[in-house]
Amino acid sequence: MEVMATACKRLKTLTVHALRVRPVSTSVVNACASPAEAAVAADAPVKYENVRKLLVGLGNPGEKYARTRHNIGNMAVTHFLDTYVKETLGKELAFKHEENNHGDVVRFALSFQQDVEDPKYKYRVDDLINRSSQRRKEKTIEEGVPHDGVNVALLLPTTYMNRSGVSVKTFMNSHRWRLKKNAMSLNRQDELLVLTDDVSLPFGTCRFKGKGGAGGQNGIKDIIKCVGTERFARLKIGVGAPQWFVGGNTGAPAGTAMDKFVLARFNADEQDEMPLLLEYVNELLRLYLHRGLTQASAVANSMDLATYKKEFKGKKHKK
C-alpha cells in the first residue's frame, strides 16, 4: 500500500513536467483509478500532450534555384503552409526571416480536427489511413490519434544547401529544442523532420527514414555534423535520376553531371504532375504530425504517386 501511495503521489507531480516526460505507465494509472476508469484506460490508445515538431525544407536560396530538383524540400514545406495549414486554421500565415537562425520561420499549432459535423473543415478525419477502410475511419473517430494536437515549426534555411546544418542547429538552440533519440517512438520529446530530394527514388515516390547517413545529400550531411547525430527523421522525395544514373551509376560522365541534374528544373511532364505530388506530400505530413513516423512510413512505403492518384485522388472531400 505504501508503494502504491507513492506511485499515485508521483503521478500527480508529473503533470508539472507534462511536456518533457515519457508517458505514464498504464499500470500506474490503473492503480490510481477506479475499476471503471481503469477499464476505459486499458482500451484507449495512448495520448500525449502537444509535442513540438520541426519541419525543415532543404534547398538553395534565391530565384536562380527556385523550383529546381534540389529545392523540392523547400517547395513542399512552402506548399504545406500555403495550402493545408491555411485550410486547417482558416487563415494565412507567412514565413518571417530570423537572422539569428539563418532561416525563414513560422510557428503554429495544429489539431487533427475530428469535428465531422463542421462543413467548413476540408480534411476532417479522412486522412490516408482512414480512407483505406471504413473500419479504420470508425476506429479513429472512436479512439482518436496519438497526437491530437501538435505544435509545429517550419524552417526554410537561407544558407546554401551544404550549410543547412547551421540554420537547423541555431534554431534548435534558440528554441531549446530537445531532440528525441528515437524518431520512431511516440513520446513527447521534440522531433525533427527534414524534407529533401532523393535522386535514387523515381519522381513522385516518397519514403520516410528514421535515421542514418547522408546518402550523398550535402544538406543532410551538414545537419548531421552540426546537430551531432544521425537520429532524426527525413522525408525523401524522389526527383528521378538521369538515365546514366539508373542501374548502378553505370556510364556516368565525369565531373559535375549529377550537380547539374539536381540544380536543373523539372521537365515538362514532371511539372504537370507537381501539384499532385505536393498534395500527396501534404497527406504524408499530416500522417506524420498526428500519427507518428511509424504509421506515416507504412503508408508511404506502400504506394507511389501513381497509386495515390488512382486510389485516393478525389476522395478527400468524401464523408
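The values are calculated or read from the model by the stated rules, or taken from the named source; none is laboratory data. Keep in mind the model is a prediction, meaning the values are calculated, not measured. In this analysis, Cβ positions are derived from the backbone assuming ideal geometry, glycine residues included, and neighbour counts consider all displayed protein chains.
Quick check on segment 191-208: of everything there that is surrounded by fewer than 20 Cβ atoms within 10 Å (Cβ to Cβ) and touching a strand residue (DSSP E or B) at 6+ places or on another chain (Cβ under 7 Å), which residue is modelled with the highest pLDDT?
Per the criteria, the residue is 207.
Can you tell me how many residues within segment 133-148 are in contact (Cβ under 8 Å) with a residue 12 or more places away in the chain and surrounded by fewer than 17 Cβ atoms within 10 Å (Cβ to Cβ)?
Result for segment 133-148: 4.
Could you list, ordered by first residue, the pairs with Cβ atoms under 9 Å in which the first is in segment 50-71 and free of Cβ contacts under 8 Å to residues at least 40 places away in the same chain and under 15 Å from residue 160 (Cα atoms) and the second is acidic (Asp, Glu) and surrounded by fewer than 24 Cβ atoms within 10 Å (Cβ to Cβ), at least 6 apart or interchain?
Every condition considered, no pair remains.
Kindly provide the set of residues from segment 209-239 that are outside any loop (DSSP other than H, G, I, E, B) and in contact with a strand residue (DSSP E or B) (Cβ under 9 Å, 6 or more places away or on another chain), ordered by number.
Of everything in segment 209-239, those that are outside any loop (DSSP other than H, G, I, E, B) and in contact with a strand residue (DSSP E or B) (Cβ under 9 Å, 6 or more places away or on another chain) turn out to be 209, 219, 220, 223, 227, 233, 234, 235, 236, 237, 238.
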